[in-house]
1. Figure the gain on full extension for Asn93 and Leu57 (residue separation times 0.36 nm, minus the Cα-Cα span) and round it to one decimal in nm.
2. Just to confirm my numbers, what's the Cα centroid distance between the stretch 52-109 and the stretch 129-162 in Å?
3. Local charge sum around Tyr40 (other residues, Cβ-Cβ under 11 Å, Lys/Arg +1, Asp/Glu -1)?
4. Ignoring ligands, DNA and RNA, what percent of the 1.4 Å accessible area of the stretch 55-170 is carbon and sulfur?
5. What distance in nm lies between label points placed 7 Å from Cα along the C-beta direction at Lys30 and Gln161?
6. Only Cα pairs under 8 Å and at least 6 apart count here; give the relative contact order of the stretch 61-120 as a rounded whole percent.
7. Give me the accessible area per residue for the stretch 35-176, probe 1.4 Å, as a whole number in Å².
8. Are any of the pairs Lys62/Lys126; Lys30/Lys62; Lys30/Lys69; Lys73/Lys151 more than 29 Å apart by Cα-Cα distance, and if so, which?
Amino acid sequence: MVDYENPNVKSKAAAACGWDFIVLMSRQGKIRLSEFFSSYSESQKKRILRDIAADVLPRQAKMCNIIEKGEYKFVYRRYASLYFIVGAPVEMNELIVLEQIHLFVEALDGYFNSVCELDLVFSLHKSLMILFEMFIGGMLCESNRREVLQKIVEAEEMVEQMTKPGEDTSSQLDDGLSFQEQFQLGRKPGARGPRGNR
């Protein structure tokens, strides 16, 4: 019998609720989006990304979508030329993770009208907005796709209202992006405008 009042059991159950990280990678191994919900050092993140490229990319289509790697497991799905790879705790149900990945892809499809790799490259900030609207700390908080897309549209309308005439709307959104994400969008980190001009 499991003692659910035991603090160790409670912490394991809580840890098994959410993702540790999500990575969107092309078939060529290019990272299109990566978000870590648990704290990892830069060297650990690089090791995880190397493991993903080495373990997931060469797999055949009919092979299992789950790879156990110590304290977490890779659960992935391939959509066209993109792999959606989630690092989940070993205790987490793989079928739930696969369903959550599909839910995220459906939300991206709903926003971009049939999402493709270029949508993620040129609209990384919008992809992250959708991800953060659905998942908080790696845990699924909003599963209604219509509700998620409505919140994204409301946020975009708010940015449009706050934007001064003649100013690039995307520069307003850069304030919330990390330096890596701004660099991926082709902008100088901390600079305004489409090419990093002030």
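1. Values: separation 36, 0.36 × 36 = 12.96 nm, distance 2.24 nm.
Working it through step by step, the gained length comes to 10.7 nm.
2. Between the Cα centres of the stretch 52-109 and the stretch 129-162 lies a distance of 23 Å.
3. Charge balance in the 11 Å sphere: +1.
4. Of all accessible area on the stretch 55-170, carbon and sulfur atoms account for 53 percent.
5. 3.7 nm
6. Relative contact order of the stretch 61-120: 23 percent.
7. Ligands and nucleic acids excluded, the result is 55 Å² per residue.
8. Details: Lys62/Lys126 32 Å; Lys30/Lys62 22 Å; Lys30/Lys69 21 Å; Lys73/Lys151 31 Å.
Where the Cα-Cα span goes over 29 Å, the pairs concerned are Lys62/Lys126; Lys73/Lys151.
The values are calculated or read from the model by the stated rules, or taken from the named source; none is laboratory data. This structure is a prediction, so every number in the text was calculated from the model and none was measured. Backbone-built Cβ (ideal geometry, glycine too); neighbour counts: all protein chains shown. These accessible areas exclude ligands, DNA and RNA; they are computed on the full protein's heavy atoms, side chains included. Shrake-Rupley method; radii C 1.70, N 1.55, O 1.52, S 1.80 Å.
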